[in-house]
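Colleague: One structure follows; several queries about it will come next.
Derivation of every value follows stated rules applied to the coordinates shown; laboratory data play no part. Since the structure is predicted, the reported quantities are computational estimates derived from the model, not experimental observations. All Cβ positions, even for glycine, are placed from backbone atoms using ideal geometry, and neighbour counts span all protein chains on display.
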Amino acid sequence: MATVLLTGATGYIGSHTWLSLLAAGFQVVGVDDFSNSSPEVLKRLEALSGQQPDFVQLNVCDPVAMDALFAARRIDAVVHFAAFKAVGESTAKPLEYFQNNLGGLLNTCQAMRRHGVKRIVFSSSATVYGQPDVLPIREDARTSTTNPYGATKLMGEQMLEALAASDAEWQIACLRYFNPVGAHESGQIGEDPSGIPNNLMPYVAQVAVGRRARLQVFGSDYDTADGTGVRDYIHVVDLADGHVAALTALLRGEPSFTVNLGTGQGYSVLDVVAAYERASGRPVPYDLVPRRPGDVAACYADPATAKAKLGWVATRGLDQMCADSWRWQQQNPNGFGQPAA
Ligand code: WQD
C-alpha cells in the first residue's frame, strides 16, 4: 500500500487524518515541529491504532531535514497540513505567517521535486472565498482574502497551480476546508487550542465544562435567520476521510483538482450553542456583543464536486459533532497538557 507523508501530522486535522489513513491501509510517516501541537498526540495515536507511529520531529522550512527524510523513505504522496492558522494572529504577525506557511509549502515542494515525488494534497480553506457573493459556495466562486492567513492559503493554491501548469507530472489536490469541529469518537484526540480559543466550538466547549464563564456571540444583527453568523461546520473525521478520498483519487491517476470539504448545511452560532447544550447537558451562557471585524454573515459549501469527483460526502451531523467534542473536552479538560485527574 502507498506511503503518505503528513506534515503538521500531530495537529488537529493531521492527527485525525493519520488515523483515517491507517484505517484505510496506508503506510504513514508523520513530521511536525510541535510549534502548535503536543508530543502526547503520538502516544494517543499509538494507543488508538495499535501501531507505533513513524514520526520525525522537524521543521518543514528546513531543507536539510526534509532531504534526509525523503532519502530515508519511499514516499508516494504528501499531505501538507503544516501552517499557522490563527486569523487574528496573522494580522499582527504577517511576516511570520508568510515565512512559515508559504515558505514551508515551497520548501516541501522543492524537496519533493528533488526526490521525484509529485503528488500533494494541500490543506486550504474556505477563507479564500472572502465575502461570498453567492451561497452555497462553488469552487469556481470568486476568491479574495481579508487577512494574511487567508492570503497564505490563496497564494499557496496559486503557487501549486503554477507548479502543475509547469509540469504535467504533478498531481495536486487543494482541499478547501469549511469549519472543522468535533473529535475522534474515542475522546483521545481533539482540538487543543493554546490560550483563549479563537474559534466557536472550542470556546463553547470550555464554557460547557466550566473553564470559561460565558460565550461572547460576535454579532446578532447579520442578515441571517437569528441574526448570528452562519457557518458550514464539518466533523473532523469526515474531513479526515475526505483526505483519504483525495489521495485515493490521485493514486489512481486523477489530474489536479480543487474541492470544497463541507457539509452544505449552514448553522448559526445560536444553533451551535443549543446543540452543545443538548449534547453536554450543560448550560452555555452567552452575551450578544458587536460583530468581530472581518467576519462574514454566512459561509457554507456546495459539496457537489467532492461527491462527484471523489465519491465523498460528510456523514456526521451537528449533534454528533457536539457530542464528540464534548467527550474530548470532558476527558481532557486541559487538552494534551495533562489528562483528567
Ligand atoms: C464561527 C462563527 C463567529 C467565536 C475561521 C477561519 C477559517 C478556519 C476556521 C483555519 C462566526 C462566531 C466565534 C466566538 C462567536 N480556520 N464566534 N464567538 O471565523 O468562520 O473561520 O476558523 O483554518 O479559515 O477563518 O470560524 O469558529 O472563529 O467563527 O460568536 O467566541 O462563530 O463570529 O460567526 P470562522 P470561527
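Colleague: With +1 on each Lys and Arg Cβ and -1 on each Asp and Glu Cβ, and nothing else charged, work out how big the dipole of the chain is about its Cα centre, in Debye to the nearest 20.
Modeller: For this selection, approximately 280 debye.
Colleague: Right, next: If I histogram all Cα-Cα distances within the chain using bins 20 Å wide from 0, what percent of pairs lands in each bin?
Modeller: Spelled out bin by bin, the chain gives 32, 61, 8 percent.
Colleague: Can you compute the label reach from LEU135? Point 7 Å from Cα along the Cβ direction, backbone N cut-off under 11 Å, restricted to region 259-282.
Modeller: Backbone N within reach: 265-269.
Colleague: Still on this structure, please answer the following. Would you give the gap between the C-alpha center of region 60-95 and the C-alpha center of region 244-322, rounded to a whole Å?
Modeller: With region 60-95 and region 244-322 each reduced to a Cα centre, they are spaced 25 Å.
Colleague: How do 210-216, 65-71, 254-260 rank on mean C-beta neighbours within 10 Å, highest first?
Modeller: With the highest mean Cβ count within 10 Å placed first, the list reads 254-260, 65-71, 210-216.
Colleague: Determine the calculated [θ] at 222 nm for the chain from helices alone, applying -39500 (n - 2.57) to every DSSP H run no shorter than 4 residues and normalising by the residue count; nearest 500 deg cm²/dmol.
Modeller: Helix contribution divided over all residues of the chain: -11500 deg cm²/dmol.
Colleague: Report the Cα centroid-to-centroid distance between region 33-55 and region 111-165 in angstrom, as an integer.
Modeller: Measuring centre to centre over Cα atoms gives 28 Å.
Colleague: Ok, one more. Work out the charge dipole of region 127-282 with +1 on the Cβ of Lys and Arg and -1 on the Cβ of Asp and Glu about the Cα centre, then indicate which of LEU215, ALA151, GLY264 is farthest towards its positive end.
Modeller: With unit charges placed on the Cβ atoms, the residue in question is LEU215.
Colleague: Hey, another quick one. What distance in nm separates the simple spin-label points at ALA168 and ASP62, each placed 7 Å from Cα in the Cβ direction?
Modeller: Result: 3.9 nm between the two label points.
Colleague: Do you know the Lys pair count in the chain for C-alpha distances under 27 Å, with sequence separation 8 or more or different chains?
Modeller: Lysine pairs, 8 or more places apart or on different chains, close enough: 11.
Colleague: Follow-up. Counting other Cβ atoms within 10 Å of each Cβ, which trypsin sites (Lys or Arg not before Pro) in region 84-152 have at most 14 and sit in a DSSP loop?
Modeller: ARG142
Colleague: Same structure, new question: Place a +1 charge on the Cβ of each Lys and Arg in region 203-338 and a -1 charge on the Cβ of each Asp and Glu, then give the dipole magnitude about the Cα centre in debye, rounded to the nearest 20.
Modeller: Using only the charged Cβ atoms, the result is roughly 400 debye.
Colleague: Which of TRP326, TRP312, TRP18 moves most in a GNM of the chain, Cα contacts under 10 Å?
Modeller: TRP312
Colleague: Rank GLN330, ALA274, ALA304 by how far each Cα sits towards the positive end of the charge dipole of region 265-341 (+1 on Lys, Arg Cβ; -1 on Asp, Glu Cβ) and give me just the farthest.
Modeller: ALA304
Colleague: To continue, here is another question. With point charges of +1 on the Cβ of Lys and Arg and -1 on the Cβ of Asp and Glu, referenced to the Cα centre of region 83-139, which listed residue (ILE137, PHE98, ILE120) lies farthest in the positive direction of the dipole?
Modeller: Of ILE137, PHE98, ILE120, it is ILE120.
Colleague: Taking every DSSP beta bridge that has both residues in the chain, what percent is antiparallel when rounded to the nearest 5?
Modeller: Bridges in the chain that DSSP calls antiparallel: roughly 5 percent.
Colleague: I want the local charge near GLN206. Using Cβ-Cβ distances under 15 Å, sum +1 for each Lys or Arg and -1 for each Asp or Glu among the other residues.
Modeller: Local charge sum for GLN206: +2.
Colleague: Kindly provide the pair-distance distribution of region 38-79 built from C-alpha pairs, with 10 Å bins from 0 and whole-percent values in order of increasing distance.
Modeller: 23, 44, 32, 1
Colleague: Moving on to the next point. Quick one: putting +1 on the C-beta of Lys and Arg, -1 on the C-beta of Asp and Glu, what dipole do you get for region 166-275 around its Cα centre, in Debye to the nearest 20?
Modeller: It works out to roughly 360 debye.
Colleague: Once you keep just the Cα pairs under 8 angstrom separated by 6 or more residues, what percentage relative contact order results for region 22-165?
Modeller: Normalised by residue count, the contact order of region 22-165 is 22 percent.
Colleague: Region 140-275: D in µm²/s via Stokes-Einstein (Kirkwood Rh, Cα pairs, 37 °C, 0.692 mPa s)?
Modeller: The diffusion coefficient I find is 188 µm²/s.
Colleague: Sticking with this one: Which order do the peptides 47-57, 236-246, 19-29, 74-84 come out in when sorted by mean C-beta neighbours inside 10 angstrom, highest first?
Modeller: 236-246, 74-84, 19-29, 47-57
Colleague: Give me the orientation-averaged projected area of the Cα convex hull of region 96-157, in nm², one decimal.
Modeller: 4.6 nm²
Colleague: If exposed means no more than 16 neighbouring beta carbons inside 10 Å and the site is in a DSSP loop, what's the longest run of the chain without any exposed GluC sites (Glu not before Pro)?
Modeller: 1-168
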